[in-house]
Each structure stands twice: as structure tokens, then as C-alpha cells.
1. Suppose we look only past 19 Å in the calculated P(r) of segment 49-190. What percent of the Cα-Cα pairs does that tail hold?
2. What length, rounded to one decimal in nm, is gained on full extension from A166 through to V72, with 0.36 nm per residue of separation minus their alpha-carbon distance?
3. Just to confirm my numbers, what's the Cα centroid distance between segment 83-154 and segment 162-194 in Å?
4. How large is the dipole of segment 39-152 about the Cα centre if only Lys and Arg carry +1 and Asp and Glu carry -1, each at its Cβ, rounded to the nearest 20 debye?
5. Would you mind counting up the charge near A166? Only other residues with Cβ under 15 Å from its Cβ, with Lys and Arg at +1 and Asp and Glu at -1.
6. Enumerate the amide H contacts of L180 below 5 Å, restricted to partners 5 or more residues apart or on another chain; note that Pro and chain-start residues carry no placed amide H.
7. Using every alpha carbon pair in segment 112-198, what percent of pairs falls into each 5 Å bin from 0 up to the bin containing the largest distance?
Amino acid sequence: MGCGATDDGRTLRPPTPDQTTTTVASTTPGVDAGSAGDEETTAPAEPLRLSSPAFDEGGVIPADHTCRGSDVSPPLRWTGVPAGTVELAVVVRDIDADGFVHWVVAGIDPTTGGLAEGTLPPGAVEATNDFGRAGWSGPCPPQGTHYYDVRVYALSEPSGITAGQAGADAAGRIEAAPALLSAALSGSAGAGAGASAD
């Protein structure tokens, strides 16, 4: 310390303007306000969800959608289609019959919010299912109760599926295609009069 100085170094000086900082707490949902870094914070993306007005998750698929009834495709609804989706596709398999394919629909416009009963939206195509028929063929287990996996895929690239394409090939291509998200709905059906396949 120089001669004649009155500051012995123990007194804090006020900070200069270039030494001051301001901390603002984050109010973004799901983000820790104490997180370090300058990364932009965003809310978590909405999950893709699949449901049906005809049956609940894990519920019994109504007879009208099986070989014991009208055998029409069930209505489906989905929400949360992610940005960047170029095509939606639906695959329905019998998980108790080695993944037997009951339905493959591709080329669904991403702005479509679902499928009406027994109806395809414009531009969509159906593959041939494992019964050898184009379009939907509903549950038809020969005995016991089978469980069915209904799944919608939000694809980031076109699937290339064509109308009448073999179901196993079409389903495999969709399941292996680049997907942003997928969502599943399960249902069951039991054997009954007229049941002769899966």
C-alpha cells in the first residue's frame, strides 16, 4: 500500500457498471430455473396418442369389427402428430398369431385426425392383409382369446407402400421406416361362431 493511502484493502468498493450481472429465473414448464447454460428452453413435445371410439385400451373389439359381424374397420383417432411428419401409416397385427397382419394403411395425410369406420381418407392406400384380401379383415381367432396391436406411425419419409402390396412386406417396411413417433392401442377378441382364422 502506498504512503499516505487511507484504504487498507479491507473495504469493498461498489461494482463498476461492467461488473454487474442480472439473473432471471426461468418460468418455462418442466425446466429447472437453476439450470446452467444459455440453451433455449422449450416445453416438452406432446406425445402421439391413439384411441378408438369403438373400444378402450385393452378392451374387447366389438363384433362389428370382427369376422363374426360386419367386419368393417374400426374408427381410430389420434392427436400429437409431430412437426416434420410427411405421412401417417397404420398397422394392425395379431400378436398371439406370430404378428399375423390384419390391416395396413399408408399414405395418410398428416393433417388427418383419424380414420372413420370402414372409410379411408383421400390419398390413402391399403395393402393386402395376411388373409389375402385387400384392406381390413378383422379378428377371427379359431379358439381362445387373441390380442391385437393397432399402431399408428408418424413417418419422416414417404413409405412407398402401394395399393394391394403384400401385407407382411408393407407392414415390415413401415415398421422399419424412419418414424418420428408411434402410438399403440391394444384390443382383444375371442373365438366364436364363424371363426376360422386369426
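1. 45
2. Stretched fully, the A166-V72 segment lengthens by 31.9 nm.
3. 5
4. Magnitude of the dipole: close to 300 debye.
5. With Lys, Arg at +1 and Asp, Glu at -1, the neighbours total -1.
6. Those qualifying (amide H under 5 Å, at least 5 residues apart or on another chain) are A154, L155, S156.
7. All Cα pairs considered, the percentages come to 3, 12, 18, 24, 23, 12, 6, 2, 0.
All of the numbers you see were taken from the coordinates with simple rules; none came from a lab. On a predicted model such as this, the values are computed, not experimentally measured, just so you know. Neighbour counts are summed over all protein chains in view; Cβ atoms, including those assigned to glycine, are modelled from backbone coordinates with ideal geometry.
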